[in-house]
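S.K.: Please find one structure pasted underneath; my questions will follow.
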Amino acid sequence: MSKTCYVTMKDKQEMVIETNKLVTEYFINQKNSFSVDTIIKGKIQSLAPSLNAVFVDIGDEKTGYLPVKEKKYRIGDELIVQIKKERVGEKGASLSDVIYLAGQYAVAGKGKGKCGVSSKITDKDIRNQLKQLADEYNRDEYFIVIRTNALHALKESIKKDIEQLFAQFDHIMDQFHNVSQGYTLHQADNYILKMLKKYYDLEKDILITDDIDLYNHYYELIKDKANIKLYTKEYNLFDYYNITSQLNTILFKKIWLKSGGYLLINYTEAMTVIDVNSGKATNKKEAYDTFLQTNIEAAIESARQIRLRNIGGIIIIDFIKSENKAIQKACMKNFKEIMVNDKMQLTIGGFTKLGLFEVIRQKSRSAQ
């Protein structure tokens, strides 16, 4: 299923993904010199054997925290590290000595890891073909993981992407031997560019942007030029395409449904609870039809809001009259249809004995 990606780089750097005229994802760029995925030359400042970790000077105000399973580092050692979690308050950045570079169709890694294929590609024959392709680029200390975006991509496009990633790694290694501690070896793409690589399919999706540099970059990569458009009107891009009104719903606790029902979204420390409510029904037959329609709308909108708000952790949805098996089946079907292209790992527990619908969704590594 194709989708449309809208990217504005004017007042803010924002990206929206729309599928079937519904906005399902929203991203906004956060600027940070020590942002997630940035690769830096570090120097071991101190050892913490009791924590199975070392502290690394990366040129930030606070030393970074690097977990280590083996006693392989000494004070003063220089090494390449990648930021996995940004500094928060007095707590330094969390680091890794397994380095990743993400391309459009593949991720190249250096360190302990193995070649593989995204778990979201389920066809066995396609998985085997892509695994063989990844294995062709197997090198000492390096590995390749094929991304979901590669499912419909040409083999030549995937190979070109992998070769570009290895060229980046070669450049990083050359720099490492010629720069001082704290030097940024590779500045991670800003958040918007990372999300484009993750969500945007060059082969079939549409990209509309008001940024000329982004337009020129992707214009060279996209074969069907009709799938990319430079927006040049003076009005805000999101306003022009009627996106703003959909985005505004993430500000509200109460979300109205077409049938007259509504959702109440409540956040707690332990979980997120979505309560489904309907209007009054006059008789038993009308009540069932109302409940069914409201629940179908609620399943679709709940899934959309989970993706749009990037809700992670335990999620409970309290549908109306959800002990009814037909209602349960309809809710499950419509919820799954909206979540099928979600990039976050999702576990659907289904309905409990009390009729509550349980979901666990992976929490995003970096906040919007």
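S.K.: Per DSSP helix of 4 or more residues, -39500 (n - 2.57); summed, then divided by the residues of the chain. What does that give at 222 nm, rounded to the nearest 500? Could you put the intermediate results ahead of the total?
M.R.: Numbers: 8 runs with 99 residues, N = 368.
Calculated from helices alone, the mean residue ellipticity at 222 nm is -8500 deg cm²/dmol.
S.K.: Give the relative contact order (percent, whole number) for the chain; include only Cα pairs under 8 Å separated by 6+ residues. Let's see the in-between values first.
M.R.: Working: 670 pairs, mean separation 54.6, N = 368.
Relative contact order, the chain: 15 percent.
S.K.: So for Glu78, Glu220, fewest C-beta neighbours within 10 Å to most, what's the order? Could you put the intermediate results ahead of the total?
M.R.: Values: Glu78 15, Glu220 6.
So the ranking, lowest neighbour count to highest, is Glu220, Glu78.
S.K.: Can you tell me the equivalent ellipsoid semi-axes for region 252-361? Use √(5λ) from the Cα gyration tensor, largest first, whole Å. Write down the numbers at each step before the final one.
M.R.: Details: eigenvalues 100, 43, 32 Å².
Those come to 22, 15, 13 Å.
S.K.: Still on this model: Assuming R0 = 41 Å, can you tell me the calculated FRET efficiency for the pair Lys69 and Asp239, based on Cβ-Cβ distance, to the nearest 0.05? Display every interim value, and only then the final one.
M.R.: On the way: r = 52 Å, r/R0 = 1.26.
The computed FRET efficiency comes out at 0.20.
S.K.: Something else: Based on other C-beta atoms within 10 Å, arrange Phe169, Phe335, Phe176 from fewest to most. Each step should come with its number before you reach the end.
M.R.: Numbers: Phe169 20, Phe335 23, Phe176 15.
Listed from fewest to most nearby Cβ atoms, that is Phe176, Phe169, Phe335.
S.K.: Also, quick follow-up: Using Cα pairs under 8 angstrom and six or more residues apart, how large is the relative contact order of region 252-361, in percent? Intermediate values should be presented prior to the final figure.
M.R.: Numbers: 176 pairs, mean separation 27.0, N = 110.
So the answer I get is 25 percent.
S.K.: Let me ask something else about it. Listing His177, His186 from the residue with the fewest other Cβ atoms within 10 Å to the one with the most, what is the order?
M.R.: Least to most surrounded, the residues fall as His177, His186.
S.K.: OK, next. With +1 on each Lys and Arg Cβ and -1 on each Asp and Glu Cβ, and nothing else charged, work out how big the dipole of region 151-252 is about its Cα centre, in Debye to the nearest 20.
M.R.: 260 debye
S.K.: What do you get when you divide the Cα radius of gyration of region 39-97 by 2.2 N^0.38 Å, with N the number of residues?
M.R.: On the way: Rg = 10.2 Å, N = 59, 2.2 N^0.38 = 10.4 Å.
After normalising by residue count via 2.2 N^0.38 Å, the value is 0.99.
S.K.: Here is a follow-up. Mark the label point 7 Å from the Cα of Ala270 along Cα→Cβ and return the residues of region 284-323 whose backbone N is within less than 16 Å of it.
M.R.: Those under the cut-off are 313-318.
S.K.: If the viscosity is 1.306 mPa s and the temperature 10 °C, what translational diffusion coefficient in µm²/s does Stokes-Einstein give for region 102-165 when Rh comes from Kirkwood over Cα pairs? Provide the component values of the computation, followed by the final result.
M.R.: Numbers: Rh = 11.4 Å.
Here the translational diffusion coefficient equals 139 µm²/s.
S.K.: On to the next question. As an exercise, identify the chymotrypsin sites (Phe, Trp or Tyr not before Pro) in region 181-282 lying in DSSP coil whose Cβ has no more than 13 other Cβ atoms within 10 Å.
M.R.: Working: sites: Tyr183, Tyr191, Tyr199, Tyr200, Tyr215, Tyr218, Tyr219, Tyr231, Tyr235, Phe238, Tyr240, Tyr241, Phe252, Trp256, Tyr262, Tyr267; in loops: Tyr183, Tyr200, Tyr231, Tyr235, Tyr241, Phe252.
Taking region 181-282 and a limit of 13 other Cβ atoms within 10 Å, the loop chymotrypsin sites (Phe, Trp or Tyr not before Pro) found are Tyr235, Phe252.
S.K.: What whole number of Å gives the distance from the Cα centroid of region 233-278 to the Cα centroid of region 1-31?
M.R.: For region 1-31 versus region 233-278, the Cα centre distance is 16 Å.
S.K.: Among 114-121, 125-132, how do they line up from the highest to the lowest mean number of other beta-carbon atoms within 10 Å? Don't skip to the end; give the middle numbers.
M.R.: Values: 114-121: 16.2, 125-132: 14.6.
Ranking the peptides 114-121, 125-132 by packing returns 114-121, 125-132.
S.K.: For the chain, just the Cα atoms, rotate onto the principal axes and tell me the three extents in Å, largest first.
M.R.: 78, 53, 46
S.K.: Among Asn242, Asn227, Asn178, determine the one that fluctuates most according to a GNM of the chain built with springs between C-alpha atoms less than 10 Å apart.
M.R.: Asn178
Read-outs throughout are calculated quantities, based only on the coordinates presented, and are distinct from any laboratory measurement. Remember, predicted model here, so these are calculated numbers, not experimental data. All Cβ positions, even for glycine, are placed from backbone atoms using ideal geometry, and neighbour counts span all protein chains on display.
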